[in-house]
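The values are calculated or read from the model by the stated rules, or taken from the named source; none is laboratory data. It should be emphasised that the depicted structure is a prediction, and the values quoted were computed from it without experimental measurement. Note: ideal-geometry Cβ built from the backbone for every residue, glycine included; neighbour counts use all protein chains shown. For the accessible areas, the whole protein counts, side chains as well, though only heavy atoms, and no ligand, DNA or RNA atoms are used. Shrake-Rupley method; radii C 1.70, N 1.55, O 1.52, S 1.80 Å.
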Amino acid sequence: MIKKNVETAINEQIKREEHSSRIYLAMASWAEQNGYPGAANWLYVQTEEERIHMLKLVHYLNDRGGAAIIPALDAPAASFKSLPDVFQEVLKHEEYISASINELYAICTNEKDFTTANYLQWYITEQIEEEKTVRSILDQIKLAGADKGGPFMMDKEFAAMATVKRAALALSGGANAVI
Ligand code: OFO
């Protein structure tokens, strides 16, 4: 049986992952409305990924005899200054999620719940990858020239990245792998 404070902390992480999905969905919608179909596509795939992160934790908690709670969520921001601003926000959010996973890991090790700590290794590795990807996107936006139509030029690049991302998600089984 999972300890109460580990269960509470996993439920908090479930909320944060689902909120991540909603935040990226709002960003995708903004990008779609503002002439960035490639970036929108990338963000829509990111939305699906975050939902899978949430679902994995729901199943894990229920499988361990805990009770996953599906929470109410605050509305995400609906408008942004620019595309670089969107990706700055994505990076800030991913850094917050990395810190949150680390906190959860620390709770598990303090409680000697090494099974959950081991399960969280997947999330720790995933966060390294996600932060790296977003930093590289921000570097590319900067190189393309944030003020000189660079983000528009970058949009083709985003469309290609979204295709690769979607294919990787499908290969991993996507949501079907965790339902
Ligand atoms: Fe990118 O946040 Fe989930 O883990």
Single condition residue 111 does not satisfy, out of (1) among the acidic types (Asp, Glu); (2) more than 16 Å from residue 86 (Cβ to Cβ); (3) modelled with pLDDT under 95: (3)
Report whether or not residue 41 is within 23 Å of residue 167 (Cα to Cα), open to solvent by 40 Å² or more (accessible area, probe 1.4 Å) and not hydroxyl-bearing (Ser, Thr, Tyr). yes
Only one of 14, 23, 2, 69 is away from the ligand (no atom under 14 Å from the Cβ) and open to solvent by less than 40 Å² (accessible area, probe 1.4 Å), namely 2
Looking at (1) within 23 Å of residue 66 (Cα to Cα); (2) in contact with a Lys or Arg (Cβ under 8 Å, 6 or more places away or on another chain), find the lone condition where residue 91 falls short. (1)
Open to solvent by 30 Å² or more (accessible area, probe 1.4 Å) and either among the polar types (S, T, N, Q) or part of a loop (DSSP other than H, G, I, E, B) (or both), is that true of residue 77? yes
Would you pick out the residues in segment 102-127 that are hydrophobic (A, V, I, L, M, F, W, C) and over 17 Å from residue 13 (Cα atoms)? 114
